[in-house]
Amino acid sequence: ISQAGIAGLAGIIIGLTLSSLGFGAILFGILVGGGFGFLNGVIFTKARIPSFLVTLGTLFITTGLEKYIAVTAHVLTNGIPIEGRLDPFLPLTPFLNLPRSFSLFYWAIGGAVLFYFISQRTRFGMRIYAVGSNTVSTYLYGVKVVRYQILAFTASGIISAIAGFLYLPYLNIASPTF
């Protein structure tokens with residue numbers, strides 16, 4: 001549930017810090033997304049609060065932060081536009097006469113292939129499937145269930161932040177209302 005909030009917050013953070021941090025802003029935004037995902041995982045596993053409630057709370061927190069940052073954004077950006085600064089991450093599509101927003105399709109295909117490989121060919125992916133299907137059996141098998149649950153939430157936060165970053169050059173704006 002919190003993916004949209006994390007993506008929006010990461011997009012705003014990347015957009016606002018791009019002028020001062022350069023491409024380090026991308027890493028910073030992804031770390032923020034991973035941090036919120038990690039926080040979701042820790043609260044879910046240690047406090048034993050249902051994931052629905054944890055992620056709903058994170059959605060409210062991130063959306064509130066987005067709106068707070070957006071109100072003060074004109075002070076933080078000093079009027080430096082985002083447009084054109086993230087173009088190196090957009091594959092060149094003029095030879096196909098496609099709009100530049102079509103590059104999201106390339107990123108989606110690459111992500112799908114990567115995640116298919118991770119889920120089907122790695123120990124991590126198989127254990128995530130096992131934890132998701134039956135935590136008790138997976139625990140009895142010897143897998144550290146809590147660790148993999150936290151890793152799954154953290155990965156979700158990182159992926160959400162990457163999605164927020166990828167929408168920046170497409171929208172040319174950092175806004176809490178993606």
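The values are calculated or read from the model by the stated rules, or taken from the named source; none is laboratory data. It should be emphasised that the depicted structure is a prediction, and the values quoted were computed from it without experimental measurement. Backbone-built Cβ (ideal geometry, glycine too); neighbour counts: all protein chains shown. With ligands, DNA and RNA removed, areas are computed over all heavy atoms of the protein, side chains included. Shrake-Rupley method; radii C 1.70, N 1.55, O 1.52, S 1.80 Å.
Details
- Verdict on I30 being within 14 Å of the chain's Cα centre (by Cα), touching a residue at least 40 places away in the same chain (Cβ under 8 Å) and in a helix (DSSP H, G or I): yes
- Hey, I13 aliphatic (A, V, I, L, M), touching a residue at least 12 places away in the same chain (Cβ under 8 Å), under 21 Å from F60 (Cα atoms) and in a helix (DSSP H, G or I) or not: yes
- V131 being surrounded by fewer than 18 Cβ atoms within 10 Å (Cβ to Cβ), touching a Ser or Thr at 6+ places or on another chain (Cβ under 6 Å) and under 18 Å from K46 (Cβ atoms): no
- For F89, the criteria (1) under 18 Å from the mean Cα position of the chain (by Cα); (2) more than 20 Å from Q3 (Cα to Cα); (3) at pLDDT 95 or above hold in every case but one, which is (3).
- Hits in segment 40-68 (condition: in a helix (DSSP H, G or I), under 19 Å from V131 (Cβ atoms) and not hydroxyl-bearing (S, T, Y)): N40, G41, V42, I43, F44, K46, F52, V54
- Residue that is modelled with the highest pLDDT [pool: residues in segment 19-63 that are more than 20 Å from S156 (Cβ to Cβ) and open to solvent by 30 Å² or more (accessible area, probe 1.4 Å)]: G24
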